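S.K.: Take a look at the following structure, please.
The values are calculated or read from the model by the stated rules, or taken from the named source; none is laboratory data. Keep in mind that what you see is a predicted model, and the values were worked out from it rather than measured. Using ideal geometry, Cβ is built from the backbone for each residue, glycine included, and neighbour counts are taken over all protein chains shown.
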Amino acid sequence: MPSKDGSTILAGVDWWVDSKTVTVKMAPASCNKGLNYEQRYNRTWANKCGSCKKKGTLYAHGAKGRKTAVEGEITCRSCDTDYDGVSGKSKEKEMTCRYSLTPASSTTSSTAQSAQKSITDRKEALYNLKQDYQTRKLVKVKKSLTTLIIPKVDRGKYVKLKPPLDDGKTFYVSSLHLNPDTMTIELHDGYPEPDSKYSEKVTVKK
């Protein structure tokens, strides 16, 4: 099972909490009738406990320690009342569902959605960064080539090697050293190929 904040959760369960709201994507638990446990429902609640009435004390979690709600749960740090994240009803052994969370107002809901989007954007940026790292760590030196000085070849550009040097594959110039009459270039593969608008490609023949 996946996890978040040290809690074990069902796939698709998530939450975003600030001082005013608790936004969740959870599976239904107690005090829900006719809802599909396999679905994930989005709810935004005011961060105010329905039992002790204190504000800013709610937090979301999954199964962690004595808490066993892998479908997701909301708990008050002050009075330890547990709430079903979908219905907003308190979870007691007697199943009385006596306390209720308050749905967030349109203003606080918009704030929560903005916060959620910000978190999503950061997650996407981190994912793209990791993907870029995975690509670049596979880059390896393919060739070190010494040839007559070619003015158009420079570090950071791409060159296409013709036979017999290579079969026309494009390489990235990672370093270049100029000698009196020759140049030594270090070539890598694995870097992104230049797009159709890239004009700094040089063909090197032997």
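S.K.: Please enumerate the residues belonging to the stretch 153-180 that are polar (S, T, N, Q) and over 39 Å from the mean Cα position of the chain (by Cα). Working first, answer last.
M.R.: The initial filter retains those residues of the stretch 153-180 that are polar (S, T, N, Q), namely 170, 174-175, 179.
Of everything in the stretch 153-180, just one residue is polar (S, T, N, Q) and over 39 Å from the mean Cα position of the chain (by Cα), namely ASN179.
S.K.: Just the residues that are loosely packed, with under 14 Cβ neighbours inside 10 Å and charged (D, E, K, R), please, taken from the stretch 163-174.
M.R.: ASP167
S.K.: Tally time: how many residues in the stretch 1-26 are more than 17 Å from GLU38 (Cα to Cα) and of a type in the set (Val, Ile, Thr)?
M.R.: 4
S.K.: Which ones in the stretch 46-87 are at positive phi and free of Cβ contacts under 8 Å to residues at least 24 places away in the same chain?
M.R.: Correct list: LYS53, GLY65, ASP80.
S.K.: Considering LEU10, LEU101, which residue is touching a residue at least 40 places away in the same chain (Cβ under 8 Å), under 30 Å from the mean Cα position of the chain (by Cα) and surrounded by 20 or more Cβ atoms within 10 Å (Cβ to Cβ)? It would help to see each step written out before you state the result.
M.R.: Working: LEU10 fails: surrounded by 20 or more Cβ atoms within 10 Å (Cβ to Cβ).
Only one candidate qualifies: LEU101.
S.K.: Still on this structure, I have one more. Here is a check on your reading of the model: is MET95 touching a residue at least 40 places away in the same chain (Cβ under 8 Å) and closer than 22 Å to SER3 by Cα?
M.R.: no
S.K.: Another question, then. For CYS76, which of the numbered conditions (1) within 25 Å of the chain's Cα centre (by Cα); (2) among the hydrophobic types (A, V, I, L, M, F, W, C); (3) at pLDDT 95 or above fails to hold?
M.R.: (1)
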